Amino acid sequence: MAVQQLHFGRTKSVVKRSKKYLEEALYVRLFREGSSEVSVRHQLNQFLKSNERVYKWEVGNNFKRVFERKVYYPKRVYKWEVGDTLKKLRERKLYYPALKLSETMAKRGMNQTVSDQAIHLDLVAKSRGIAAGENYFIDLPESSKNHLCYGALLNCYCKELMTEKAEALMEKMKELNLPLSSMPYNSLMTLYTKTGLPEKIPAIIQEMKASHIMLDSYTYNVWMRALAAVNDIAGVERVIDEMKRDGRVAGDWTTYSNLASIYVDAGLFEKAENALKELEKRNACRDLSAYQFLITLYGRTGKLLEVYRVWRSLRLAFPKTANISYLNMIQALVNLNDLPGAEKCFREWESGRSTYDIRIANALIGAYAKEGLLEKAEKLKERARRSGAKPNAKTWEIFLDYYLKNGNFKLAVDCVANAISVGRGDGRKWVPSSVIVSSLMGHFEQVKDVDGAEGFLEILNKAVENAGAEVFESLIRTYAAAGRTSPVIRRRLKMENVEVNETCLKLLETICVQ
């Protein structure tokens, strides 16, 4: 019997779809120009506006008015394909395009299951914030508020490290006698790991066992991480032994990647290598992420030859090698101080690339800057720019770090300005760290450069709403050291709602003269 799929209210046999249609899958179209959020958004907008028709008509005799209306006729797309595309977008953390696709398909009449609603809730929370996710959950019909949607909201709370809300919601799920799997427990344990409360995890494990909830590989991984966080390596090994004795959960490659990482962190390189060999045995399906973990972890153990061996295996398994794999390999080689190898790998990528990925250029630019090869770093930045990859905030961070270390504070300030101007790739502002701000303000204070300090503060105000007391205290000391006056500083402090220390208040008596 042929499988049937919904197509906006009509049914169609999947097996009868044309070869041409199969080659033009929605996710292929969205990633046609790369996986950056900008390009995916552009392709999604093009898709949603496909088959646009504009209707014009005139009204009136003597004074005619022309009216125009745009009508969109969606291109053919199947529900399974939308689901598959949403999965790929979420894997790449492209939440906003995923939400837009989900919302548009719902408006166009595509049926949403409770599972779809749970995914939509997750996308709303990640794109528009927890409050928006909560409102979406509240507005759901009661029939949809099952373990899937509760679990999605719980996961959002855990991701945002909202411990009290997460714990309260978990208790609510238990009160409602919702069928609980390992997933909500895994979310809660991950939360405790991230908030520095690994001691709470053993109690959750015991509760799962008492409730006859089967531990999965993710549960074992989180449990091992919790024990590693308190330096209980013997406990980690007992967990592995328990998992083997249980027999219901076969440790996959992620289990041994996790174990190897724990051993590397503990400096137990021989045990780490044994775990990595076990990882390789369990990567029969040739998972790309497994190869990348192997390269990273072999690199951390200092095994350069093993890094190259795994890289060759990855290239054989994935002849059309992804940008992320090249990035991972170049970073591993840079960390192993194999700059010639990193350059060779970069040239190989550059000769066959479809789009120029600034992240890969940044990996080599960072290596050049670290070695003091500024000219090479500048040339590569310019080559990337000419190839269509504009410097991003990370690029400017690399040069900023170099200029600060070498005492070129003027160019360092320029880098801060450029980084703030381009912002982060996800649309958020780039904000310099307190160390960077303190270093630059300290320099201006030392050389008594009031204009430089004021210029930097003007740039900083583009990234932060309030520069803070420490910045203004340094500014006041700079004015005092330079013997300069400013009648407006008190007013600025009041406007910024900043309170400075007693020493600076005394200095203001001299600085703020009319």
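The values are calculated or read from the model by the stated rules, or taken from the named source; none is laboratory data. Since this is a predicted model, take the numbers as computed values, not measurements. Heads up, the Cβs are rebuilt from the backbone with ideal geometry, glycines too, and the neighbour counts pull from every protein chain shown. Ligands, DNA and RNA are excluded from the accessible area calculation, which covers all protein heavy atoms including side chains. Shrake-Rupley method; radii C 1.70, N 1.55, O 1.52, S 1.80 Å.
Taking label points 7 Å from Cα along the Cα-to-Cβ direction, LEU373 and SER289 give a separation of 3.4 nm.
Phi-derived couplings, Karplus 6.51 cos²θ - 1.76 cosθ + 1.60 at θ = phi - 60°, listed residue by residue for segment 270-280: 5, 5, 4, 5, 4, 5, 5, 5, 5, 4, 4 Hz, with x used for Gly and Pro. Computed with a 1.4 Å probe over protein heavy atoms only, the accessible surface of segment 391-514 comes to 56 Å² per residue. Of interest is the spacing of the C-alpha centroids, which for segment 296-327 and segment 82-111 amounts to 32 Å.
Surface exposure of segment 206-283, expressed per residue as accessible area with a 1.4 Å probe, stands at 50 Å². Listed here are the pairs LYS87/LYS303; LYS159/LYS277; LYS172/LYS200; LYS244/LYS277; LYS429/LYS494; LYS87/LYS194; which of them are more than 28 Å apart at the Cα? Pairs exceeding 28 Å: LYS87/LYS303; LYS159/LYS277.
Taking only C-alpha pairs under 8 Å that are 6+ residues apart, what is the relative contact order of segment 368-468 in percent?
On the way: 75 pairs, mean separation 20.1, N = 101.
Normalised by residue count, the contact order of segment 368-468 is 20 percent.
Here's how it looks for GLY423: its modeled amide H is under 5 Å from those of TRP430, which are all 5 or more places away or on a different chain.
Between segment 219-258 and segment 433-480, the C-alpha centres lie 49 angstrom from each other. Ligands, DNA and RNA left out, the 1.4 Å accessible surface of segment 321-408 is 46% carbon and sulfur atoms.
Derived scalar couplings between HN and Hα for segment 388-400 equal x, 9, 5, x, 9, 4, 5, 4, 5, 4, 4, 5, 4 Hz in order, rounded to whole Hz, by the Karplus curve 6.51 cos²θ - 1.76 cosθ + 1.60 (θ = phi - 60°), x for Gly and Pro. A Förster distance of 25 Å, applied to the separation of the beta-carbon atoms of SER354 and LYS390, puts the FRET efficiency at 0.90. To the nearest 10, the accessible area of THR321 is 20 Å² with a 1.4 Å probe. In segment 409-514, the portion of solvent-accessible area held by carbon and sulfur atoms comes to 49 percent [1.4 Å probe, whole percent, DNA, RNA and ligands not counted].
A simple rule links phi to the HN-Hα coupling: the Karplus curve 6.51 cos²θ - 1.76 cosθ + 1.60 with θ = phi - 60°, which for segment 440-455 gives 5, 5, x, 5, 4, 5, 5, 8, 6, 9, 5, 4, x, 5, 5, x Hz, with x for Gly and Pro.
The distance between label points at SER143 and VAL498 comes to 5.9 nm (points 7 Å beyond Cα on the Cα→Cβ vector). Here the simple spin-label model places points 7 Å from the Cα toward Cβ, and for ASP265 and ALA322 these points are separated by 2.4 nm.
Note on ARG490 and LYS405: the extension gain reaches 27.2 nm, defined as 0.36 nm multiplied by sequence separation minus the Cα-Cα distance.
In this structure ASP252 has an accessible area near 50 Å², from a 1.4 Å probe over the protein heavy atoms.
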